[in-house]
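**Student:** Dropping the structure in here first, questions after.
Just so you know, all these numbers are worked out from the coordinates, no wet-lab data involved. Nothing here was measured: the structure is a model prediction, and the numbers come from that model. A quick note on method: Cβ atoms are made from the backbone with ideal geometry, for glycine too, and the neighbour counts reach across all protein chains shown.
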Amino acid sequence: MFNLDTLLRDNIKRLVPYSTARDEFKGEAAIFLDANENSFGSPLPVNYNRYPDPLQWKIKYKLADIKGVPPQNIFIGNGSDEAIDLLYRAFCNPGVDNVVLCPPTYGMYEVSAHINDAVIRKVSLTPDFQLDIPALQQAIDEHTKLIFVCSPNNPTGNSIRKSDIELLLNNFNGIVVVDEAYINFARQKTFIQELTEYPNLVVLQTLSKAWGLAALRVGMAFAGEDIINVLNKVKPPYNISQATQELVLQALDNVGRVNEWIREIVIERDLLSAALEQLPQILEVYPSDANFVLVRTSDAKGIYQYLTTQGIVVRDRSRVELCMGCLRITVGTPEENLRLLEVLKSFNLKTEIPVSA
Ligand SMILES: *Cc1c(COP(=O)(O)O)cnc(C)c1O
């Protein structure tokens, strides 16, 4: 049985969270002399002299509308990376508890585990980049607190089979973190509608990808209210700045524009994938449910270097397990994608020159 209390670290269970000035007084007042702010204002055209809402309720109400989940089931972090870090801090006793990771996957799960001294158990994906369920069953023990499943997965681009994630949710008594950073580009449906089914589910999403707000650093965790309360208790009190909160509120009014971009990016992704398949130095184009494509090449290092000389940067993933020879290419604008293809074609010409020499 899933039991949040036995899963939590004792120090977190006992933790009395910091109580902000705004937590202690919630009414209307004309004069605020409770938080040692500068009552005169800010040296800017707009005032930022008051501390922001620690729980970002205005954003949560808008997100609740867009996502179809109650605001109490939403946590907002300084990027999803903050939520990843908080999950380790809340659940993994350093040096004792372990996390199960499924490489090749997003690098922050491992870095954040190291920072928090969580023990890492790796269970590689199968050659078709799906979960290795029997190996996962072997890896899990009574000290396993978290399993990260990235779907669609970075850097492979595919979605993880829904039935496999459900199998974990139904049989693992720790927390299953489903990272949906790329869900907007996927055919598969989000897990956030299933929070009521699974008390051990945490879904991560972000405003950094489809929403085009990577520089603002805003990520979301969706979970049962008990888990959300734990994250709120452990986070720094004012983790999202007032300026960021105001910009996010404006951005969330433009969901139509974002949906339009998503449609365009998906069309471009499929065009780019088809065009890449035609190039002789691209040995394989992996099917993508994200806004990038993973390609296996004949010479990852050479192509990467050549692209940089032409002012194009892609991600070299060739040293990552199961990704030998692979580059990860983000879908750009139509002009950027055409330029990429043109440059890749000229690399092919370049490699053919020695044949005649
Ligand atoms: C980009 C990405 C994120 C986003 O991280 P932020 O901190 O929200 O910018 C999360 N997970 C995966 C798998 C990603 O690729």
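**Student:** Go ahead and estimate [θ] at 222 nm for the chain from helices alone: -39,500 (n - 2.57) per DSSP H run with n ≥ 4, summed, over the residue count, rounded to 500.
**Tutor:** -11500 deg cm²/dmol
**Student:** On a 0 to 90 degree scale, rounded to 10, what angle separates helix 334-356 from the longest Cα axis of the chain?
**Tutor:** Once rounded, one gets 40 degrees.
**Student:** Quick one: helix 255-277 against the long Cα principal axis of the chain, what's the angle to the nearest 10°, folded into 0 to 90?
**Tutor:** Result, in degrees: 30.
**Student:** Then there's this: Relative contact order for the stretch 1-146 using alpha-carbon pairs under 8 Å, separation at least 6, rounded to a whole percent?
**Tutor:** Relative contact order here is 18 percent.
**Student:** Right, next: Report the label-to-label distance for Ser346 and Phe40 in nanometres (one decimal), using points 7 Å from each Cα along the Cα→Cβ vector.
**Tutor:** Each label point is offset 7 Å from its Cα along the Cβ direction, giving 5.8 nm.
**Student:** Next up: Can you pick out the pairs among Lys60/Lys145; Lys162/Lys345; Lys209/Lys301; Lys60/Lys162 whose Cα atoms lie more than 29 Å from each other?
**Tutor:** Numbers: Lys60/Lys145 27 Å; Lys162/Lys345 38 Å; Lys209/Lys301 26 Å; Lys60/Lys162 27 Å.
Going by Cα-Cα distance, Lys162/Lys345 fall outside the 29 Å limit.
**Student:** In addition: Please build a GNM for the chain, connecting alpha carbons under 10 Å apart, and tell me which residue among Leu249, Leu131, Leu87 fluctuates the most.
**Tutor:** Of the options given, Leu249 has the highest mean-square fluctuation.
**Student:** Further question: Might you list the cysteines of the chain that have no disulfide-compatible partner by the rule of another cysteine's Cβ under 4.7 Å?
**Tutor:** When partners are defined as cysteine Cβ atoms under 4.7 Å apart, the chain leaves Cys92, Cys102, Cys150 without one.
**Student:** Related question: Can you give the relative contact order of the stretch 256-350 as a percent, counting alpha carbon pairs under 8 Å and 6+ residues apart?
**Tutor:** This gives 27 percent for the stretch 256-350.
**Student:** Could you size up the charge dipole of the stretch 120-210 around its Cα centre, putting +1 on the beta carbon of Lys and Arg and -1 on that of Asp and Glu, and report it in debye to the nearest 20?
**Tutor:** 260
**Student:** Still on this structure: Angle check, please: helix 225-234 long axis (alpha carbons) against the longest principal axis of the chain (alpha carbons), in degrees 0 to 90, nearest 10.
**Tutor:** With both axes taken from Cα atoms, the answer is about 80 degrees.
**Student:** So, one more: In percent, how large is the relative contact order of the chain, given Cα pairs closer than 8 Å and 6 or more residues apart?
**Tutor:** About 17 percent, as a whole number.
**Student:** Another question about this same structure. Given 10 Å bins starting at zero, what is the percent of C-alpha pairs of the chain in each, up to the one with the largest pair distance?
**Tutor:** Each 10 Å bin holds this share of Cα pairs: 5, 22, 29, 23, 14, 6, 1, 0, 0.
**Student:** While we're on this one: If r is the Cβ-Cβ distance from Ile66 to Thr333 and R0 is 30 Å, what FRET efficiency results, to the nearest 0.05?
**Tutor:** It comes out at approximately 0.75.
**Student:** With r as the distance between the Cβ atoms of Leu271 and Val16 and R0 = 45 Å, compute the FRET efficiency 1/(1 + (r/R0)^6) and round to 0.05. Provide the component values of the computation, followed by the final result.
**Tutor:** On the way: r = 55 Å, r/R0 = 1.23.
Efficiency, from the Cβ-Cβ distance: 0.20.
**Student:** Using modelled backbone amide H atoms (1.01 Å from N, in-plane), which distant-in-sequence or interchain residues come within less than 5 Å of Thr144's amide H?
**Tutor:** The list, which skips near neighbours in sequence, is Asn98.
**Student:** Also: Run the simple label-point estimate for Leu249 and Val96 please: 7 Å along Cα→C-beta, distance reported in nm.
**Tutor:** The two pseudo-label positions are separated by 4.3 nm.
**Student:** Report, please, the projected area of the stretch 227-357 averaged over directions, based on the convex hull of its C-alpha atoms, in nm².
**Tutor:** That works out to 12.0 nm², a quarter of the Cα hull's surface.
**Student:** In nm, to one decimal, how far is the modelled label at Lys301 from the one at Asp141, with both set 7 Å along Cα→Cβ?
**Tutor:** The modelled label-to-label distance comes out at 3.9 nm.
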